1. What pairs come up if the first residue lies in the stretch A:1-17 and is assigned to a loop (DSSP other than H, G, I, E, B), the second is of a type in the set (Phe, Trp, Tyr), and their beta carbons are under 6 Å apart, counting only those six or more places apart or on different chains?
2. Which ones in the stretch A:1-50 are more than 6 Å from the ligand (Cβ to nearest atom) and basic (Lys, Arg)?
3. Scan A:492, A:536, A:532, A:499 and give me the residue that is under 22 Å from residue A:572 (Cβ atoms), touching a Lys or Arg at 6+ places or on another chain (Cβ under 9 Å) and open to solvent by 10 Å² or more (accessible area, probe 1.4 Å).
4. Note down all Cβ pairs under 6 Å where the first residue falls in the stretch A:406-427 and is of a type in the set (Gly, Ala, Ser), the second is in a helix (DSSP H, G or I), and they're at least six residues apart or on different chains.
5. Do we have residue A:188 as over 18 Å from the mean Cα position of the chain (by Cα), within 12 Å of another protein chain (Cβ to nearest Cβ) and β-branched (Val, Ile, Thr) here?
6. Which condition does residue A:442 not pass, out of (1) more than 14 Å from every other protein chain (Cβ to nearest Cβ); (2) within 16 Å of the ligand (Cβ to nearest atom); (3) not aliphatic (A, V, I, L, M), if it passes all the others?
7. What residue, among those in the stretch A:80-111 that are assigned to a helix (DSSP H, G or I) and of a type in the set (D, E, K, R), is most open to solvent (accessible area, probe 1.4 Å)?
Amino acid sequence: MKPISIRKFDAIIVGAGGAGLRAAIQLSESGLKTAVISKVFPTRSHTVAAQGGVAAALGNSEEDNWQWHMYDTVKGSDWLGDQDAIEFMCRKANEVVVELEHYGMPFDRLDNGKIYQRPFGGHMSNFGEKPVRRACAAADRTGHAMLHAMYQRNVRANTQFFVEWMALDLVRDGAGQVLGVTAMEMETGEVVMFQAKATLFATGGAGRIFYSSTNAFINTGDGLGMAARAGIPLEDMEFWQFHPTGVAGAGVLITEGVRGEGGILRNSSGERFMERYAPNAKDLASRDVVSRAMATEIKEGRGCGPHKDYVQLDLTHLDPKTVMQRLPGIREISIQFAGADPIKEPIPVVPTAHYMMGGIPTNYYGQVVVPKDGRHDAVVPGFYAAGECACASVHGANRLGTNSLLDLLVFGKSAGETMVADIRAMPSAHPDLPADAFDLTRSRLARLEDQKDGANVHETQLAMRRVMQDHCGVFRFPDMLEQGVTKILEVETRVRATEIKDKSQVFNTARLEALELDNLIEVAKAAMISAEARQESRGAQAREDHPDRDDANWLKHTLWYRAANRLDYKPVQMKPLSVDSIELKKRVY
Amino acid sequence: MSREAELGRLRWHSRRGMLELDLVLERFWRRHGESLSEEQAASLARVLELEEADLWEIICGRREIGEPRLQGMIELLREV
Ligand SMILES: Cc1cc2nc3c(=O)[nH]c(=O)nc-3n(C[C@H](O)[C@H](O)[C@H](O)COP(=O)(O)OP(=O)(O)OC[C@H]3O[C@@H](n4cnc5c(N)ncnc54)[C@H](O)[C@@H]3O)c2cc1C
């Protein structure tokens, strides 16, 4: 292999989605030499898919305040969220949204010129009393507009972008300090060391570990894989939010609005089964309730189709005009991806993995924290994380819609500020790289290059996604989890022996996909093993054998280590920064 | 850039920020990947420069693409 050249920066950011771009603004505008590395052009990051909006208690349409938002977020998290980080996020919300407005974000507006706000599930006024308008949006292009506004701001601030580069491994020295990442340029296949005084991961989610996912193909959890290989634990990886209505086989999201317009879920005998699970709210019950009901119907043999593996979302009783006018996007999606025109036949749907609540453990300054010397929150010097790949933890066991775009802005900014301060406190020379800095990257690439009689990447990836869907889905059964652990470890042995036929250097997508699979499998193991161990139901984790939340034993964060798949736990921060703790209660809506 | 490399680049540019586009482009490659002419590859390269939401609206037929010479490629994407 060719020698690895070294490029030095003050700060390196891996990921150019909402979180990475927000942090980069902070660093570049402080005059620091900042590089952003991204697999794809920044405005093609997955943040572009977000439509619903970003939460902030601006109170533009009706009374609202950050304490109510904080209460909703703690309750939504089923009390697993850290209350210091949640207070921090909710208090900063107005500031970061107004800043975004100044960056040129074209928010929808009221007649009086203020930002228009709409209601969204779980966001309430007066400590859970009634729905409140808290989501700020830019038509149905919120994420798109956000990326554009922040990308332009970065261009102005001279952020250096390395687009179509894939970060491969985190580099640490013997004392554990993070010194940067190795990365591969897709156009040449060249591997370079990006050395920095501060390294931020903002690599987004990993929904592609599941067979059915609303996430784009790019969400392969690279940051989590790199962190895990470098000995950093992953936090609360059992918690994945499932959206009840993804198109079966494709995953594309069908919004809640369809059931709002009168869409009905039916099982194989045509029964409106939600009447049994939620007699009042029926098809409009909350996401987790509907997802669990669907999973139960399928598990008990009442699913539809030859494999009895989906249920139907029926709109055929609605006036075709309603479907055409109110839900045109849905009709297109259904025809494209299910081959079904919803005016004439029902849409096949399954609960679909949507959002990863867990991630790389951080505090609200964006610093990565791990257990060390009897402390559970020792800072890893030089290492930061923000956005969906990080776990601050504000979403706990369940995220509220529109809170993740807020998370990106608040913790992207906060991590950027911390990095600026930390870099300024460091000597001007970069710390030395250890002699073995590139060993891991070299050995992974060499293994892939030389593999004979190995496993096919696509087939192995598919096997992983099937195991996760069947054994670690929306509703979890003890025997299935136990078998799931064995099966995912078996898939791992195949991942370690993947083989690619094409060995070219230039835009070799086969190699990129094999490297991504190395990361996906780390996320999959973390999720399965953490889920199997947690013997309770809380937020997104619903176990058949332990149907209730168990605060006496499980009010704690999981930490999964790659080495020997060891699990550790750390306490939930119940103490906010300035207000009283939000006491434990049953989470009912 | 060799043809091989150019196709690799187009394949990577078919990785999008929206799942809808990933799925349509995946089907496109499965159906037409082997037989893509040089002219088609050039059209695809232009089409892949479009913004996510714009490209999706065009594929759904809610809008037409401004450049008539790309219409053939859009039809192929709509068909798959
Ligand atoms: C369909 C859908 C709709 C949603 N709607 C909403 C909504 O309305 N409101 C809301 O709050 N949330 C919503 N969410 C969730 C929210 O969009 C995401 O959580 C959020 O956008 C993640 O942003 P991010 O900056 O962390 O990562 P991303 O935007 O995913 O960006 C990740 C970046 O990392 C880069 N990257 C990854 N790996 C590597 C590597 N190895 N090397 C180099 N670069 C790498 C990528 O190129 C990319 O630039 C939605 C999610 C989905 C799937």
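The values are calculated or read from the model by the stated rules, or taken from the named source; none is laboratory data. For clarity, every value in this text was computed on a predicted model and none was experimentally measured. We place every Cβ from the backbone using ideal geometry, glycine too, and count neighbours over all the protein chains shown. The area values use the complete protein model at the heavy-atom level, side chains included, leaving out ligands, DNA and RNA. Shrake-Rupley method; radii C 1.70, N 1.55, O 1.52, S 1.80 Å.
1. Correct list of pairs: A:4/A:438.
2. A:2, A:7, A:8, A:22, A:33, A:44
3. Result of the check over A:492, A:536, A:532, A:499: A:532.
4. A:412/A:19; A:412/A:22; A:412/A:23; A:415/A:23; A:416/A:23; A:416/A:26; A:416/A:27
5. yes
6. Only one criterion is unmet by residue A:442, namely (2).
7. Result: A:91.
Residue-by-condition table, conditions (1) open to solvent by 60 Å² or more (accessible area, probe 1.4 Å); (2) among the basic types (Lys, Arg); (3) in a loop (DSSP other than H, G, I, E, B):
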residue	(1), (2), (3)
A:270	no, no, yes
A:275	yes, no, no
A:291	no, no, no
A:295	no, no, no
A:302	yes, yes, yes
A:321	yes, yes, no
